[in-house]
Amino acid sequence: MRRVAVLGSTGSIGEQTLDVVSRFPDRYRVVALAAGANVEALAVQVERHRPALVSLATDEAAAVLRARLGTDAPEIAVGEAGLRAVATADADVVMSALVGALGLEPTLAAVEAGRDVALANKEVMVMAGALVRRAVAAHGGALVPVDSEHSAIFQCLSGQRLEDVARLVLTASGGPFRTWDAERIARASVQEALNHPNWDMGPKITIDSATLMNKGLEVIEARWLFDVPPARVDVVVHPQSIVHSLVEFLDGSVLAQLGLPDMRVPIAVALAHPERVPLEVERLDLTAVGRLDFEEPDRGRFPCLQLAFDALAAGETAPAVLNAANEESVAAFLAGRIPFPAVAATNADVLSSHVGEGSGPIRDLRDVLAADTWARARAREVLPKHEGRSA
Ligand code: MG
């Protein structure tokens, strides 16, 4: 029996994790859940999975949950301390599925407590990849990616030697604006940007898929997860999202992992690692798919992808700065404050002023958090100049 804790249990990955877990009651038991403000969704999860510990963002939310569950309520923790409590609960595997920078500290806490971590929160590696790698090596738990591309690479690398790898190739769906010209993209509405062709995901990552920032963040994530030099990570656009990523080896052989786009598969892979479970999902029928297309990503129409490569080349705190700027600009776009191209423009402004001021070294978590704070403040200065501006 594997005891499972979930950070971000009411989000898209959290809900799908609990769906996978509930299919294998002899194999998994939920011991701790952390949510934000969605009290009703957490209450339903508590009734179903009976964890000993849950966490919510605020005292107010905790009071509502306590009233809702009455004497059936588990221990309820709150805020950052609550996230840390769930991250270090008595579990075998922690699903790290918070969105954005919020997940960094609790995920590191889980690693430092020696837990196996199933990592869906890519920002953790983007912000502090070197620190997380060091902590994993020091504390002995496994770090298994959940992001579909990284799960694919992880599976392709199984039994292989890292020194034999020539290139990691991440596939990108291209998002909803893949075939749009720059002028039309400039006028894209929030609703159009949220309309992802293949994947059903949370709003932040869906916008990141429309700008291709998601792929950029995944390039940085891959560099740190698999410890390969940035020059050995490539991106290819693959609109069908059937090939989830590929690994090219020194001898020219290429391994790919395929499947229909369903996040429950990489979730199941991560939770069961190194075993596999008989998951009932729709099977890939290649004759029904018929054809698989591939094309070069367009860094002109999608400047966020180039920004990620720039941040990776600048190194140290630059990726954390880009990530924080992007969280602020995406929030402003989702709130209807700025037009779609202003997401990339804001990110570029913040990244260039940071690189201009010198990208600081990362000695510990404080350096990462300071860079994050600096970038958010800078983004808030930059954002008003893009507000309401029709592109
Ligand atoms: Mg992905």
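Every number here is computed from the coordinates shown, using simple stated rules; none is lab data. Computed from a prediction, not measured in an experiment: that's the story for all the values here. Cβ atoms come from the backbone with ideal geometry, glycine included; neighbour counts cover every protein chain shown.
How many nm separate the modelled label positions at ARG29 and VAL277, each set 7 Å beyond the Cα in the direction of the Cβ?
1.5 nm
If packing is taken as the average count of other Cβ atoms within 10 Å, what order do 136-146, 307-317 fall into, highest mean first?
Highest to lowest by the protection proxy: 307-317, 136-146.
Out of all DSSP beta bridges in the chain, what portion is antiparallel? Express it as a percent rounded to 5.
If we restrict to bridges inside the chain, about 30 percent are antiparallel.
If you place +1 on the Cβ of every Lys and Arg and -1 on the Cβ of every Asp and Glu, how big does the dipole about the Cα centre of segment 2-145 come out, in debye to the nearest 20?
Approximately 400 debye in magnitude.
Each residue of segment 345-355 in turn: what ³J(HN,Hα) in whole Hz from Karplus with 6.51, -1.76, 1.60 and θ = phi - 60°, glycine and Pro shown as x?
Residue by residue, segment 345-355 yields 5, 5, 4, 5, 4, 5, 5, 5, 5, 5, 4 Hz.
Explain nothing, just the number: relative contact order of the chain, from Cα pairs under 8 Å at least 6 residues apart, as a whole percent.
Taking the mean separation of contacting Cα pairs over the length of the chain, I get 14 percent.
With the contact rule set at Cα under 8 Å and sequence spacing of 6 or more, what percent relative contact order holds for segment 277-368?
RCO, segment 277-368: 29 percent.
For segment 84-191, with the dipole built from +1 on Lys and Arg beta-carbon atoms and -1 on Asp and Glu ones, taken about the Cα centre, which of GLY114, ALA138, ALA152 lies farthest toward the positive end?
Of GLY114, ALA138, ALA152, it is ALA152.
Helix-only mean residue ellipticity at 222 nm, the chain, DSSP H runs n ≥ 4 weighted -39,500 (n - 2.57), per residue, nearest 500. What is it?
-14500 deg cm²/dmol
Only four residue types carry charge here, +1 at the Cβ of Lys and Arg and -1 at the Cβ of Asp and Glu. Report the dipole size of the chain about the Cα centre in Debye, rounded to the nearest 20.
Computed charge dipole of the chain: roughly 280 debye.
Let me have the relative contact order for segment 2-145, percent, based on Cα pairs under 8 Å that are six or more residues apart.
23 percent
Highest first, please rank the peptides 29-36, 188-195, 282-289, 370-377 by the mean number of other Cβ atoms sitting within 10 Å of their residues.
Highest mean packing first, the order is 29-36, 370-377, 188-195, 282-289.
For the chain, modelled as a GNM with alpha-carbon contacts under 10 angstrom, which of VAL124, VAL165, VAL350 fluctuates the most?
Residue with maximal mean-square fluctuation among VAL124, VAL165, VAL350: VAL165.
So, with +1 on the Cβ of K and R and -1 on the Cβ of D and E, and no other charges, what is the size of the charge dipole of segment 315-386 about its Cα centre, to the nearest 20 debye?
Roughly 220 debye for segment 315-386.
Amide H to amide H under 5 Å from ALA77: which residues, 5+ apart in sequence or cross-chain, H placed 1.01 Å off N in plane?
VAL54, SER55, LEU56
With springs only between Cα atoms under 10 Å, which of THR179, THR107, THR58 fluctuates most in a Gaussian network model of the chain?
Maximum fluctuation in the GNM of the chain, among the listed residues, is at THR179.
Tell me which of SER352, VAL321, ALA342 sits at the most positive position along the dipole axis of segment 315-386, charges placed on C-beta atoms (Lys, Arg +1; Asp, Glu -1).
The Cα lying farthest towards the positive end belongs to ALA342.
Taking the simple approach of a point 7 Å from Cα along Cα-to-Cβ for both ALA52 and THR71, what is their distance in nm?
Going from the ALA52 label point to the THR71 one covers 2.2 nm.
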